[in-house]
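Step one of this worksheet: look at the structure below.
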Amino acid sequence: MGFDKNILTGRIIDDNTWWEERRIPFYDEFSKRRYYNGFFDLVSQKFPHRAVVLMGPRRIGKTVIMYQAIQDLIDSGVDPKHIFYFSLDTPIYTNVPLEELVNDGLSINNVSLENTYVFFDEIQYLKDWEIHLKSLVDKNRKTKFIASGSAAAALRMKSIESGAGRFTDYFLPPLTFAEYIDLNGYDKMLSETEVNFGGARRFYKCSDIEKFNDHFIDYINFGGFPEIALNSDKVKNPERVIQKDITDKVIMKDLPGLFGIENTLELQQFFNVLSYRTGEILDYKKVSQETKTDNKTIKKYIKYLEAAFLVKVLHRVDLSAKRFKNITQFKVYLTNPSLFTGLFGRIRASDERFPHLVETAVYAQYMHREHEYLRYANWKVGKEEGEVDLIQVSNNFQNVHWAVEVKWSDNPKAGKLKKFMEKNRLSKGVITSKTKFEDYEDLLIVPNSIYAYVVSKNALDKLDEEIL
């Protein structure tokens, strides 16, 4: 079906209001995330000549930071008529080649592509987008192309395969706990302190840990999504927003389009089961029985859900931190604990599932540091069994760097953790708690909310260092 050219032109003009007004209303109200500076550096970068591919799940602010970048380009002196934005999930743009869209925009403004910035939002909606984008990059050496998409793993795979040397990937994760606290101004509740962990390490204490935990609980329910987390008083029925705009659109629209999935109902039910079990140890046999799917389908669906950045699989090691040859069990975490709210409703600290959501929230802070080799340990030696929730191993699996046991209790037991530490020659371990904060020679006991803040704060500081 072809659209009238005048309708297409009208839509392009409507989507690029800054050509006349030089301002982007509304988006000024959004605070800039800590990830913004790294993204804008890539947008501004002239050399090497590459397109920027902004990746991340739905509703975490990709469109917002694209608009913020457009406004900063205008403020820095770029002619607004040399900045184009196309949202490819708009029906009128369906299957229109990128080059045709760009040429239409140039004709409207009567400008050339030289020293022009072109933004393509939700680029995964164009089939073979990577071929189109690569062609534009190759033909236009003095034009900057920026694309975004909501299926991170799938986009990255195509970016690597087809855009070698042409694309630079930039990953925007869900809102971290440190961003949530800092952007809401709750960081005033914290004061710096030091703990002894292989030397002095910066940590934080809170004068009212119960109140800080309330913010942590709010973060678990809604905090991963900036629009909701930073405007909670304005968003009606956030559970419904999360469900309809994220899980429904991703499961029912994005993934079928990317992978040709026909049985979306089966995939939705499978995702529901994994989401409810977030933070638990699962095995293929039980998942197969519960979801009525075979192992091959389970692995395929997990791959799809990971591609959409809805879940993340954590693999198992034994007491000696060695990998298993036969993989029979695994852990699955929601990449954002707030997804649980969208599926099952708001969760309270007294709910049976809440400790698993705490573990999910803690793990989510580590996902912003993709280079980490994270695993969980689970073993059975004779009659003795044990588990440690999170460990980091070296890339050759010869050494363990640290180990963390996540508990929602002020009387956490450290026996299994200490067994693992002894076996792997770790001098100190971490065990989380509700409110207890004590620094022993071999063990750091710290509230989950503080620990989640420290992990994400460190990741953000490392991000700033990379920009500098």
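The values are calculated or read from the model by the stated rules, or taken from the named source; none is laboratory data. Worth saying up front: this structure is predicted, and the values here are computed from it rather than measured. Using ideal geometry, Cβ is built from the backbone for each residue, glycine included, and neighbour counts are taken over all protein chains shown. Only protein heavy atoms, including side chains, enter the accessible area calculation; ligands, DNA and RNA are left aside. Shrake-Rupley method; radii C 1.70, N 1.55, O 1.52, S 1.80 Å.
Exactly one residue out of Lys419, Lys428, Lys436 is touching a strand residue (DSSP E or B) at 6+ places or on another chain (Cβ under 7 Å) and without any contact (Cβ under 8 Å) to a residue 40 or more places away in the chain, and it is Lys436. Could you identify the single residue in Asn424, Asn395 that is farther than 19 Å from Cys206 by Cα and over 24 Å from the mean Cα position of the chain (by Cα)? Going through Asn424, Asn395 in turn, the sole match is Asn424. In segment 336-351, the residues that are without any contact (Cβ under 8 Å) to a residue 40 or more places away in the chain and of a type outside the set (D, E, K, R) form no Cβ pair under 7 Å with any partner that is in a helix (DSSP H, G or I) and surrounded by 15 or more Cβ atoms within 10 Å (Cβ to Cβ), whether six or more places apart or across chains. Give the residues of segment 200-245 that are more than 13 Å from Leu183 (Cβ to Cβ), of a type in the set (Ser, Thr, Tyr) and modelled with pLDDT under 95, sorted by residue number. If the condition is that a residue be more than 13 Å from Leu183 (Cβ to Cβ), of a type in the set (Ser, Thr, Tyr) and modelled with pLDDT under 95, then Ser207 is the only one that fits.
Given the criteria closer than 22 Å to Met55 by Cα, at pLDDT 95 or above and surrounded by 13 or more Cβ atoms within 10 Å (Cβ to Cβ), does Tyr85 qualify? Yes, satisfied.
Residues in segment 359-400 that are farther than 22 Å from Phe340 by Cβ and of a type in the set (Ser, Thr, Tyr): Tyr373, Ser394.
A quick yes/no check of all residues on (1) without any contact (Cβ under 8 Å) to a residue 40 or more places away in the chain; (2) farther than 18 Å from Arg58 by Cα; (3) not in a loop (DSSP other than H, G, I, E, B):
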{"residue": "Lys244", "(1), (2), (3)": "yes, no, yes"}
{"residue": "Lys249", "(1), (2), (3)": "no, no, yes"}
{"residue": "Met252", "(1), (2), (3)": "yes, no, yes"}
{"residue": "Glu262", "(1), (2), (3)": "yes, yes, no"}
{"residue": "Phe270", "(1), (2), (3)": "yes, yes, yes"}
{"residue": "Thr278", "(1), (2), (3)": "no, yes, no"}
{"residue": "Val287", "(1), (2), (3)": "yes, yes, yes"}
{"residue": "Lys296", "(1), (2), (3)": "yes, yes, yes"}
{"residue": "Val313", "(1), (2), (3)": "yes, yes, yes"}
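Of note, Tyr180 satisfies the criterion of being surrounded by 20 or more Cβ atoms within 10 Å (Cβ to Cβ) and either out of contact with any Lys or Arg (no Cβ under 6 Å at 6 or more places or on another chain) or not aliphatic (A, V, I, L, M) (or both). Look at Leu98 and say whether it is in contact with a Phe, Trp or Tyr (Cβ under 7 Å, 6 or more places away or on another chain), surrounded by 14 or more Cβ atoms within 10 Å (Cβ to Cβ), among the hydrophobic types (A, V, I, L, M, F, W, C) and over 26 Å from His368 (Cβ atoms). Answer is yes for this residue.
A count restricted to segment 316-334 and to residues that are acidic (Asp, Glu) and either crowded, with 24+ Cβ neighbours inside 10 Å or under 15 Å from the mean Cα position of the chain (by Cα) (or both) stands at 0. Looking only at residues of segment 427-445 that are part of a loop (DSSP other than H, G, I, E, B) and either among the acidic types (Asp, Glu) or over 13 Å from Asp410 (Cα atoms) (or both), we find that the one that is most open to solvent (accessible area, probe 1.4 Å) is Glu441. Inside segment 124-133, can you point out the residues that are open to solvent by 10 Å² or more (accessible area, probe 1.4 Å) and in contact (Cβ under 8 Å) with a residue 40 or more places away in the chain? Gln124, Tyr125 - these are the residues of segment 124-133 that are open to solvent by 10 Å² or more (accessible area, probe 1.4 Å) and in contact (Cβ under 8 Å) with a residue 40 or more places away in the chain.
Just to be sure, is Val96 in contact (Cβ under 8 Å) with a residue 12 or more places away in the chain, more than 30 Å from Ile228 (Cα to Cα), in contact with a helix residue (DSSP H, G or I) (Cβ under 7 Å, 6 or more places away or on another chain) and not in a helix (DSSP H, G or I)? No, not satisfied.
Each row is one residue, and each column tells you yes or no for (1) in contact with a His (Cβ under 7 Å, 6 or more places away or on another chain); (2) closer than 30 Å to Arg240 by Cα.
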| position | (1), (2) |
| --- | --- |
| Leu339 | no, yes |
| Leu343 | no, yes |
| Arg348 | no, yes |
| Thr360 | no, yes |
| Tyr363 | no, yes |
| Met367 | no, yes |
| Asn378 | no, no |
| Gly382 | no, no |
| Gln392 | yes, no |
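Of all residues in segment 35-53, those being within 18 Å of Gln71 (Cβ to Cβ), in contact with a strand residue (DSSP E or B) (Cβ under 6 Å, 6 or more places away or on another chain) and of a type outside the set (A, V, I, L, M) number 1. Of all residues in segment 275-284, those that are farther than 18 Å from Arg375 by Cα and either at pLDDT below 90 or open to solvent by less than 70 Å² (accessible area, probe 1.4 Å) (or both) total 1. Comparison of Val358, Val362 shows that the only residue that is touching a residue at least 60 places away in the same chain (Cβ under 8 Å), in contact with a Pro (Cβ under 9 Å, 6 or more places away or on another chain) and closer than 25 Å to Asp283 by Cβ is Val358.
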